[in-house]
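K.L.:
Sending over a structure as structure tokens; questions will come in a sec.
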Amino acid sequence: AAGVIQSPRHLIKEKRETATLKCYPIPRHDTVYWYQQGPGQDPQFLISFYEKMQSDKGSIPDRFSAQQFSDYHSELNMSSLELGDSALYFCASSFRGGPSSNTGELFFGEGSRLTVL
Amino acid sequence: SQKIEQNSEALNIQEGKTATLTCNYTNYSPAYLQWYRQDPGRGPVFLLLIRENEKEKRKERLKVTFDTTLKQSLFHITASQPADSATYLCALDSNYQLIWGAGTKLIIKP
């Protein structure tokens with residue numbers, strides 16, 4: 001079965017540079033989530049999209065932005081990178097069936113490891 | 001403040017024994033709670049979901065309980081194996097988001 005695909009798997013950037021992460025959700029899933037996870041930390045929710053519209057916003061810095069495209073893939077754009085942005089970034093998808101429905105089971109990608117030097 | 005607590009220290013269990021992990025929460029009234037397994041450098045993998053009106057749920061060697069009065073979920077792995085070694089995360093729903101615990105690292109020793 002198709003899983004959530006993330007790219008790139010690894011990314012090294014310098015401070016103040018820009019990075020873009022991509023996510024391809026499982027087909028027919030209507031919701032995409034972005035999480036940031038530091039070493040030994042729980043996943044921190046950044047932002048989610050339901051049917052290509054932003055649905056919830058978590059602790060996403062103003063330097064970050066995200067969108068979901070017509071083909072349902074999503075991109076997380078990170079600008080003015082800081083050392084503290086180094087982390088694993090996970091994308092997850094689920095089928096909620098409605099904007100006010102609970103999240104249900106999340107399917108995670110393998111993550112993109114960002115290292116800021 | 002709203003909080004989810006899982007054992008922060010690693011849990012060491014002898015192979016074949018039952019491992020029990022705890023997830024406590026405060027100031028939430030979740031409709032359901034989920035458990036995930038995460039291996040180092042990998043994404044979390046869904047294991048079980050239990051709803052507020054369910055006391056217990058089982059899947060093969062896994063069992064989850066949910067006590068909304070105690071605000072606690074217990075996650076059991078019976079006949080544990082070294083391959084069960086991983087970090088286990090609990091997550092509960094709140095305002096259409098999942099709120100995550102920091103996870104408990106489980107180590108099954110042969």
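Computed from the coordinates by the stated procedures, all read-outs in this text should not be read as laboratory data. A quick note: this is a predicted structure, and the numbers were derived from the prediction, not measured. Positions of Cβ are generated from backbone atoms using ideal geometry, with glycine treated the same way; all protein chains shown enter the neighbour counts.
K.L.:
Please specify each residue of the range B:88-110 satisfying the condition of being surrounded by fewer than 21 Cβ atoms within 10 Å (Cβ to Cβ), closer than 29 Å to B:Glu15 by Cα and within 14 Å of chain A (Cβ to nearest Cβ).
P.N.:
B:Ala102, B:Lys105 - these are the residues of the range B:88-110 that are surrounded by fewer than 21 Cβ atoms within 10 Å (Cβ to Cβ), closer than 29 Å to B:Glu15 by Cα and within 14 Å of chain A (Cβ to nearest Cβ).
K.L.:
Shifting gears a bit: Condition first: of a type in the set (S, T, N, Q) and farther than 18 Å from B:Thr87 by Cβ. Now tell me which residues in the range B:3-17 satisfy that.
P.N.:
The answer is B:Gln14, and nothing else.
K.L.:
From the list B:Pro30, B:Pro40, which one is within 11 Å of chain A (Cβ to nearest Cβ), out of contact with any Ser or Thr (no Cβ under 6 Å at 6 or more places or on another chain) and within 21 Å of A:Tyr89 (Cβ to Cβ)?
P.N.:
B:Pro40
K.L.:
So which residues in the range A:88-117 are more than 9 Å from chain B (Cβ to nearest Cβ) and either surrounded by fewer than 17 Cβ atoms within 10 Å (Cβ to Cβ) or basic (Lys, Arg) (or both), if there are any at all?
P.N.:
Those that are more than 9 Å from chain B (Cβ to nearest Cβ) and either surrounded by fewer than 17 Cβ atoms within 10 Å (Cβ to Cβ) or basic (Lys, Arg) (or both): A:Phe95, A:Gly97, A:Gly98, A:Thr115, A:Leu117.
K.L.:
Out of all the residues in the range B:63-92, which are touching a Phe, Trp or Tyr at 6+ places or on another chain (Cβ under 9 Å), assigned to a strand (DSSP E or B) and farther than 15 Å from B:Pro44 by Cβ?
P.N.:
B:Lys63, B:Val64, B:Thr65, B:Phe66, B:Gln72, B:Ser73, B:Leu74, B:Ile77
K.L.:
Of all residues in the range A:1-57, how many are among the aliphatic types (A, V, I, L, M), part of a strand (DSSP E or B) and crowded, with 21+ Cβ neighbours inside 10 Å?
P.N.:
4
K.L.:
Picking from A:Ser86, A:Ser100, A:Ser59, which residue would you name as being of a type in the set (Ser, Thr, Tyr) and touching a residue at least 24 places away in the same chain (Cβ under 8 Å)?
P.N.:
A:Ser86
K.L.:
Separate question: Which numbered condition in (1) more than 13 Å from chain B (Cβ to nearest Cβ); (2) in contact with a Cys (Cβ under 8 Å, 6 or more places away or on another chain); (3) within 28 Å of B:Gln6 (Cα to Cα) is the only one that A:Ser74 fails?
P.N.:
(3)
K.L.:
Moving on. Given A:Gly104, A:Gly97, A:Gly111, which one is touching a Leu at 6+ places or on another chain (Cβ under 6 Å) and on the phi > 0 side of the Ramachandran plot?
P.N.:
On inspection, the qualifying residue turns out to be A:Gly111.
K.L.:
Next up: Can you tell which of A:Phe45, A:Phe64 is without any contact (Cβ under 8 Å) to a residue 24 or more places away in the chain and more than 10 Å from chain B (Cβ to nearest Cβ)?
P.N.:
The match here is A:Phe64.
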